[in-house]
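One structure below.
The values are calculated or read from the model by the stated rules, or taken from the named source; none is laboratory data. Quantities reported herein were computed from a predicted structural model and do not represent experimental measurements. Using ideal geometry, Cβ is built from the backbone for each residue, glycine included, and neighbour counts are taken over all protein chains shown.
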């Protein structure tokens with residue numbers, strides 16, 4: 001360690017040369033000790049300066065930072081990081097970064113100025129991996145990431161757990177037996193949530209169906225509104241969504257339809273129709289990972305948290321929800337947190353009636369990360385936008 005510190009100091013290098021040149025001819029113990037202590041003080045001063053430098057942390061967002069939704073939940077996580085770690089960190093955030101080439105450009109730019117970059121969309125994975133390979137001195141973490149390396153990690157939350165609980169509420173709330181689901185992209189992260197929600201719906205309403213329609217975008221408010229209207233026209237009297245805006249909640253309030261929010265607490269956008277929201281808390285995770293970097297304990301691995309870690313949970317339930325439903329949700333939540341209840345425990349059938357998870361089995365994390373089929377009770381295509 002002493003050598004590595006000396007190596008970084010130009011002046012220390014000069015002093016070492018001078019001392020080594022003097023040693024053969026005029027070895028003076030007082031001069032030697034004076035030089036050594038001068039060198040040591042310079043090294044310690046230099047090293048202390050480095051240790052006190054803030055860790056530079058960057059965040060890449062696919063949507064808006066300062067409005068409700070997925071990207072806002074990560075922005076709140078960034079703010080939490082600053083509040084907890086204060087002057088130990090220096091943060092940067094870039095919003096509305098589209099997935100694809102522009103993402104790689106943005107991530108590469110941030111890599112030149114930061115110590116760790118959090119890419120907060122699953123669609124950034126290829127870009128993040130490419131930039132990580134060329135910037136080994138920087139750490140990278142990609143949400144829902146499935147590729148890892150010495151400087152590349154993935155992180156996610158088991159959103160499907162509170163999604164299941166919200167499905168219990170939706171199943172009890174629907175009078176028509178039809179629930180509408182406005183979704184973004186047909187990727188495993190979203191499909192898992194749809195399936196868990198539907199399992200919950202069918203537990204409290206065994207004949208109910210969940211109709212899914214896709215926007216093809218994380219943040220496309222006008223398309224979300226159009227799909228919400230179509231789902232209601234098809235008979236849905238409860239709506240939910242996996243998109244990055246408050247549009248569905250606002251539509252539900254205006255059209256007297258019950259709604260379950262996602263990513264953020266949507267109650268303020270639908271004060272009379274909002275039942276509950278699935279919400280995220282990323283702050284503690286960001287603190288944990290930055291601290292690991294500071295302690296030289298950071299590792300490139302998969303970090304998959306859940307309700308037990310409080311990264312995903314339910315907002316406050318609407319007061320109109322009946323006591324028996326509240327009690328059921330509380331009981332099922334406690335069982336999830338304790339590990340007693342597994343959302344994807346068999347038997348589970350797909351939409352064609354084929355058993356995909358047998359009685360006594362539980363769908364593995366590996367298979368959950370590659371979710372590509374609907375459970376029984378879901379209607380709508382996996383492919384169409």
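For the reader, a short list of remarks on this structure follows.
- When residues of the stretch 328-350 are limited to those that are farther than 16 Å from residue 203 by Cβ and surrounded by 15 or more Cβ atoms within 10 Å (Cβ to Cβ), the one farthest from the chain's Cα centre (by Cα): 350
One line per residue, one yes/no per condition, for (1) in the same structural domain as residue 74 (by TED's automatic domain parsing); (2) more than 28 Å from residue 341 (Cα to Cα); (3) touching a strand residue (DSSP E or B) at 6+ places or on another chain (Cβ under 6 Å); (4) part of a helix (DSSP H, G or I):
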site: 114; (1), (2), (3), (4): yes, yes, yes, no
site: 117; (1), (2), (3), (4): yes, yes, yes, no
site: 127; (1), (2), (3), (4): yes, yes, no, yes
site: 186; (1), (2), (3), (4): no, no, no, no
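- Residue that is nearest to residue 238 (Cα to Cα), among those in the stretch 200-223 that are more than 23 Å from the chain's Cα centre (by Cα) and part of a helix (DSSP H, G or I): 201
- Boolean, residue 124 is closer than 22 Å to residue 243 by Cα and either surrounded by 18 or more Cβ atoms within 10 Å (Cβ to Cβ) or under 16 Å from the mean Cα position of the chain (by Cα) (or both): yes
- Tally of residues being within 14 Å of residue 178 (Cβ to Cβ) and either surrounded by fewer than 19 Cβ atoms within 10 Å (Cβ to Cβ) or out of contact with any helix residue (DSSP H, G or I) (no Cβ under 7 Å at 6 or more places or on another chain) (or both) across the stretch 228-239: 8
- Residue within the stretch 89-99 that is modelled with pLDDT under 75, in contact with a helix residue (DSSP H, G or I) (Cβ under 9 Å, 6 or more places away or on another chain) and not in a loop (DSSP other than H, G, I, E, B) present: no
- Qualifying residue in the stretch 264-280 (condition: buried (at least 20 other Cβ atoms within 10 Å of the Cβ), in a helix (DSSP H, G or I), under 17 Å from the mean Cα position of the chain (by Cα) and at pLDDT 95 or above): no
- Subset tally (residues that are closer than 18 Å to residue 157 by Cβ and assigned to a loop (DSSP other than H, G, I, E, B)) for the stretch 327-342: 3
- Per-region count, the stretch 151-183, residues closer than 30 Å to residue 115 by Cβ and touching a strand residue (DSSP E or B) at 6+ places or on another chain (Cβ under 6 Å): 8
- Residue match in the stretch 80-88 (condition: modelled with pLDDT of 95 or more, out of contact with any helix residue (DSSP H, G or I) (no Cβ under 8 Å at 6 or more places or on another chain) and in a strand (DSSP E or B)): no
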